[in-house]
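The values are calculated or read from the model by the stated rules, or taken from the named source; none is laboratory data. All values derive from a computational prediction rather than experimental measurement. Cβ placement follows ideal geometry from the backbone for every residue including glycine, while neighbour counts extend to all protein chains displayed.
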Amino acid sequence: MRMRNDGERGRRWRQLAATCLWTASAIGCGAQSWGGPNVTTAPHVRQSTEWPAYGGDHGGLRYSPLSLVDAENVADLEVAWTYRHGDISDSDNPLGTTGFEATPILIDGVLYFSTPFGRVIALDPATGAEHWTYDHVLDQSGSYRFIVSRGVSFWRDQEAAPSAICGRRIYVATRDAFLISLDAGTGALCEDFGDAGRIDLVRGAGPELWRGEYGVTSPPLVIGDRVIVGGMVTDNVRVDAPSGVVRAFDARTGALHWAWDLAPPGFDHAAHPTTAEGYALGTPNVWAPMSSDPERDLIFVPTGNPAPDFWRGNALEMDYYGSSVVALRGSTGEIVWHFQTVHHDLWDYDVPAQPTLVDLTRNGESIPALIQGTKMGLLFVLNRETGKPIFGVEERPVPQGGLPGERLSPTQPFPLKPPPLGPLSFGPDQVGGFSFWDKGVCRKRLAKIRNDGIYTPPSLEGSLLYPATTGGVNWGGVAIDPRRQILVVNTNEIAAEVTQLVPRADFEREFPAQHDPMLAPQTGTPYVFDKDGVVSPLGFPCNGLPLGRLTAVDLNSGEFLWQRPFGTLRDVTGLPFALDLGLPNYGGPLMTGGGLVFIGAALGPYLRAYDVTTGDEVWRGRLPTGGQATPMTYRVDDLPGGPRQFIVIAAGGHPIFHEGMGQDLGDTLVAFALPVPSQSESR
C-alpha cells in the first residue's frame with residue numbers, strides 16, 4: 001500500500017491516515033476531521049492574464065489568445081517550476097487508486113487547484129511557491145476505486161467589499177461528495193456556507209452507506225449567485241442506484257435554490273423508490289463538467305445513462321433525459337431543451353465531456369453553437385438557444401434482436417457533419433496483430449461473438465462493443481480556436497468485448513466465489529455483467545492501430561483539417577525510438593493564439609505541442625509521469641525579464657494505465673515557459 005502526502009503541509013493528513021488505515025482503532029474518520037487551511041505565505045497578487053474556469057471560460061473553449069509562445073520558439077520551452085502535493089494512493093490501497101487529473105484556474109494573480117483527495121492548494125503562478133492549502137480529508141468509510149478531482153471553481157461576491165472575508169470564494173466538490181466553500185485569500189472555510197463551510201451531497205442522493213458509490217469528480221459550475229453540482233454514480237451496481245439529481249445552491253449561504261430530478265416527465269415519485277428528499281433513484285447522472293451561457297441564463301448539462309448500463313428490460317423507463325445534452329435555466333432549473341445523443345443507451349455511451357460553446361460563422365451569420373463530443377466518436381453541433389442541429393442529424397437503423405424483454409431503439413442519431421472521428425465498426429478483415437498467427441487467433445475470437453457494428457446489443461454469447469466505453473471522446477473534451485474556427489480533439493479507438501450477460505441463477509450456481517473486478521452485479525436485474533478487452537494472445541489489440549488519434553475540424557465546412565495518430569511507443573515499450581502509432585489517452589487539448597495545440601493525455605510521460613494548421617508535432621517536453629489531464633496557460637507580467645507565458649499540466653498518471661500497464665502514479669504540477677531573457681536581452 002502506498003499513501004503519500006509529502007511535506008509539513010500534509011502533517012495532519014498523515015496523522016489521520018495513520019489512525020484510520022494502519023491501526024485497528026475504531027475512531028471515526030469523517031470528512032470534517034482535521035480540516036483547515038495551512039497558510040505558508042501571504043499571497044502576492046501577480047499582474048497576469050486569467051484562466052478563470054476549468055475549461056478556460058464558462059463555455060469550455062480550452063483556448064487562450066496568448067501568443068508569446070508560438071511555432072517559432074516553442075522548441076525552447078523548459079520547465080519553469082514544479083510543485084508536488086503528495087496525495088497518492090496506489091492500487092494496493094483498498095481505499096482506491098488516485099488520478100491527478102486537475103486543471104488549475106488562475107484568478108487575481110493566484111493559481112488554484114485540487115488534489116485527488118479534495119485538498120485545495122493556492123500557488124504563486126510565476127514560481128510555484130505555496131500560498132496556502134486547505135486539508136480536506138477523504139472520508140475513509142467510502143469505497144471509491146478511482147479517486148479523482150478535476151478542479152475547482154471561483155465566485156466573486158459583487159455585494160461584498162473587496163477585502164471582505166469570503167468576498168472571493170473557491171468551491172470544490174469532492175470524491176466523497178462534499179461541496180466546500182473557501183475564502184480565496186486564505187483557504188479558510190466560509191462558515192456562513194452550509195454546515196460551517198460544507199454541504200454533504202450524499203444527503204439527498206442516497207443513503208450514507210452509498211458514500212463512494214456517489215461522489216463528484218468535476219468542478220462545480222458557477223453562474224450568477226448559484227453553485228451547481230451534479231454527481232458521479234458507480235456503474236452497474238444496482239437498479240436503484242443513487243439519484244443523479246442536479247442541485248443549485250446559494251453561493252453565499254449554501255441554501256438549496258432548485259433541484260432537477262432526472263426522472264422522465266410524468267414520473268410517479270410516490271409509487272417508485274426515491275430518496276428521503278423525493279428524488280428518483282436509478283436516474284441518469286451528471287458526472288462530466290457543465291457549461292454556462294450567463295447572458296442567456298442557460299446552463300448545459302451532459303447526462304449519463306440510467307442504471308445499470310447493459311440491461312434495463314425489467315426496469316423503469318428512465319431514459320428520457322439519458323445520454324443527452326440538456327439546457328436548463330440557470331436561475332430556476334427550468335428545462336429549455338434537450339437533445340439525446342443515444343436512445344435507450346445500453347452501451348455506457350453516456351455524454352462524457354463538457355459541452356463547448358462557440359459562435360460559428362456560416363454564410364456571414366453568427367450562430368450561437370454548442371459542440372458535444374461523445375464516446376462513439378461523433379460530434380454533435382447544435383444551436384445552443386434551441387438545441388437544433390446546425391449541420392444536420394439523421395436517424396439511421398441500428399442492430400436489433402436484444403435479449404427477451406429488453407427495449408431497443410430501432411434507430412440512433414448520426415450527425416451529417418463532422419464525419420465520425422474514427423471507425424464505427426471493425427470485422428475479421430481488419431484485425432491487427434504481430435503475426436499471421438496472432439491475427440488468426442483474433443479472427444477466431446471475433447467469430448464467436450456477435451458483431452453487427454456500432455450499437456450491437458448486449459447478448460448471452462457476448463457482443464463486440466466498438467467503440468468501447470473508453471472510446472471516442474472522453475472527459476478531456478474538445479478545444480476550439482474561435483478566431484480560426486478550428487476544433488481539435490483527441491480520441492480513443494479501443495474495442496471491448498462484452499463477454500457475457502450471465503443469467504443470475506447460473507452465475508450464482510457456477511461461480512459462487514467469483515471476485516473478478518470486471519464483473520458487475522447489476523442487482524435488481526436477471527443478469528450479471530462481464531466485460532473484457534479484445535486482445536491477441538500476445539497482448540496486441542485485435543482492432544489494430546492506431547489506438548488513439550488527434551483530429552482537427554474546420555468548423556466552417558464541418559470537414560477534417562487534418563488527422564494523425566496520437567501517442568508514441570517510446571517510454572512505453574522501452575524502445576529507444578519513437579513509433580508514432582497512436583496510443584490510449586485520457587485528458588484533453590489546449591489551443592493558443594500562437595497557433596499551437598498543447599496536449600498530454602497519451603500513455604507516456606510527455607506534454608506535446610502541435611501546429612494547429614498542419615498537425616505537425618513541433619515540441620515535446622518530458623514529464624515525471626503521464627500527463628493524463630488537460631493543460632492550461634496564462635501570462636505573468638510583473639517579472640524582472642518581462643512577461644512570460646506559462647503552460648501548466650498535472651502529471652499524475654491514470655488509474656487504468658497504472659493498474660493495467662504499470663504506469664507510475666504521480667503528484668506533480670509542472671509549469672513550462674520560455675527561458676528568462678538575460679539582462680542584455682531584456683534591455
### Single match in Gly244, Gly224, Gly231, Gly212 (criterion: surrounded by fewer than 20 Cβ atoms within 10 Å (Cβ to Cβ) and in contact with a Gly (Cβ under 7 Å, 6 or more places away or on another chain))
Gly224
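Name every residue in the stretch 92-115 that is within 20 Å of the chain's Cα centre (by Cα) and not aromatic (Phe, Trp, Tyr), in order of residue number.
Matches in the stretch 92-115: Gly96, Thr97, Thr98, Gly99, Glu101, Ala102, Thr103, Pro104, Ile105, Leu106, Ser114, Thr115.
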### Task
Starting from residues that are part of a loop (DSSP other than H, G, I, E, B) and of a type outside the set (A, V, I, L, M), keep the ones in the stretch 97-111 and report whichever is surrounded by the fewest Cβ atoms within 10 Å (Cβ to Cβ).
Asp108
#### Entry: Qualifying positions in the stretch 83-96 - buried (at least 24 other Cβ atoms within 10 Å of the Cβ) and acidic (Asp, Glu)
Asp87
### Summary
Among residues of the stretch 588-605 being under 18 Å from Thr82 (Cβ atoms) and crowded, with 23+ Cβ neighbours inside 10 Å, the residue farthest from the chain's Cα centre (by Cα) is Phe598
### Query
Restricting attention to the stretch 298-309, does a residue exist that is surrounded by fewer than 20 Cβ atoms within 10 Å (Cβ to Cβ) and of a type in the set (D, E, K, R)?
no
### Message
Among the residues that make up the stretch 179-188, is at least one of them in a strand (DSSP E or B) and surrounded by fewer than 24 Cβ atoms within 10 Å (Cβ to Cβ)?
### Response
yes
## Note on the structure
Conditions (1) out of contact with any Phe, Trp or Tyr (no Cβ under 7 Å at 6 or more places or on another chain); (2) in contact (Cβ under 8 Å) with a residue 60 or more places away in the chain -> Gly266 fails only (2)
#### Entry: Number of positions in the stretch 425-452 that are surrounded by 14 or more Cβ atoms within 10 Å (Cβ to Cβ), over 14 Å from Phe540 (Cβ atoms) and of a type in the set (Lys, Arg)
1
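Would you confirm whether any residue within the stretch 189-206 is within 22 Å of Leu298 (Cβ to Cβ), surrounded by 19 or more Cβ atoms within 10 Å (Cβ to Cβ), in contact (Cβ under 8 Å) with a residue 24 or more places away in the chain and over 18 Å from the mean Cα position of the chain (by Cα)?
To start, the set of residues in the stretch 189-206 that are within 22 Å of Leu298 (Cβ to Cβ) comprises none.
Scanning the stretch 189-206, I find no residue that is within 22 Å of Leu298 (Cβ to Cβ), surrounded by 19 or more Cβ atoms within 10 Å (Cβ to Cβ), in contact (Cβ under 8 Å) with a residue 24 or more places away in the chain and over 18 Å from the mean Cα position of the chain (by Cα), so the answer is no.
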## Note on the structure
(1) within 30 Å of Pro368 (Cα to Cα); (2) outside any loop (DSSP other than H, G, I, E, B) all hold for Tyr83 apart from (1)
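Residues of the stretch 531-566 being over 27 Å from Phe434 (Cα atoms) and either of a type in the set (Asp, Glu) or part of a strand (DSSP E or B) (or both), which ones? First the steps, then the outcome.
Step one: of the stretch 531-566, the residues over 27 Å from Phe434 (Cα atoms) are 552-562.
Once the filter is applied, which keeps residues that are over 27 Å from Phe434 (Cα atoms) and either of a type in the set (Asp, Glu) or part of a strand (DSSP E or B) (or both), the stretch 531-566 yields Ala552, Val553, Asp554, Glu559, Phe560, Leu561, Trp562.
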### Message
Could you list, ordered by first residue, the pairs with Cβ atoms under 7 Å in which the first is in the stretch 485-498 and touching a residue at least 60 places away in the same chain (Cβ under 8 Å) and the second is hydroxyl-bearing (Ser, Thr, Tyr) and outside any strand (DSSP E or B), at least 6 apart or interchain?
### Response
Asn492/Thr470; Ile494/Thr470; Ala495/Tyr466
### Query
How about the stretch 133-163: which of its residues are in a strand (DSSP E or B) and either farther than 20 Å from Tyr54 by Cα or in contact with a helix residue (DSSP H, G or I) (Cβ under 7 Å, 6 or more places away or on another chain) (or both)?
Thr133, Arg145, Phe146
### Task
Scan the stretch 218-243 residue by residue and report those that are part of a loop (DSSP other than H, G, I, E, B) and either in contact with a His (Cβ under 7 Å, 6 or more places away or on another chain) or at pLDDT 95 or above (or both).
Ser218, Pro219, Pro220, Gly224, Asp225, Gly230
### Task
Scan Leu179, Leu209 and give me the residue that is modelled with pLDDT of 95 or more and not hydroxyl-bearing (Ser, Thr, Tyr).
Leu179
### Message
From the list Ala173, Ala122, exactly one residue is within 18 Å of Gly212 (Cα to Cα) and surrounded by 24 or more Cβ atoms within 10 Å (Cβ to Cβ). Which is it?
### Response
Ala173
### Task
Return the only residue of Trp51, Trp34, Trp22 being modelled with pLDDT under 50 and surrounded by 16 or more Cβ atoms within 10 Å (Cβ to Cβ).
Trp34
### Summary
Within the stretch 303-325, the residues that are at pLDDT 95 or above and aliphatic (A, V, I, L, M) are Val325
#### Entry: Subset of the stretch 409-450 [part of a helix (DSSP H, G or I), touching a residue at least 40 places away in the same chain (Cβ under 8 Å) and aliphatic (A, V, I, L, M)]
Val441, Leu446
### Task
Out of Leu328, Leu346, Leu370, Leu382, report the one residue that is of a type in the set (A, V, I, L, M), touching a Phe, Trp or Tyr at 6+ places or on another chain (Cβ under 7 Å), farther than 26 Å from Gly587 by Cα and surrounded by 24 or more Cβ atoms within 10 Å (Cβ to Cβ).
Leu328
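Just checking, does the stretch 400-408 include any residue being assigned to a loop (DSSP other than H, G, I, E, B), under 18 Å from Lys531 (Cβ atoms), modelled with pLDDT of 90 or more and of a type in the set (Gly, Ala, Ser)?
Yes.
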### So Gly621, is it out of contact with any strand residue (DSSP E or B) (no Cβ under 6 Å at 6 or more places or on another chain) and either buried (at least 23 other Cβ atoms within 10 Å of the Cβ) or closer than 25 Å to Thr49 by Cβ (or both)
no
#### Entry: Thr456, sole failed condition from (1) without any contact (Cβ under 8 Å) to a residue 12 or more places away in the chain; (2) within 18 Å of Ile494 (Cα to Cα)
(1)
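Which one of Val670, Val612 is modelled with pLDDT of 95 or more, under 26 Å from Arg119 (Cβ atoms), among the β-branched types (Val, Ile, Thr) and buried (at least 20 other Cβ atoms within 10 Å of the Cβ)?
On the way: Val612 fails: under 26 Å from Arg119 (Cβ atoms).
Only one candidate passes the filter, namely Val670.
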## Note on the structure
Of the residues in the stretch 247-281, those that are within 17 Å of Gly304 (Cα to Cα), crowded, with 18+ Cβ neighbours inside 10 Å and out of contact with any Ser or Thr (no Cβ under 8 Å at 6 or more places or on another chain) number 2
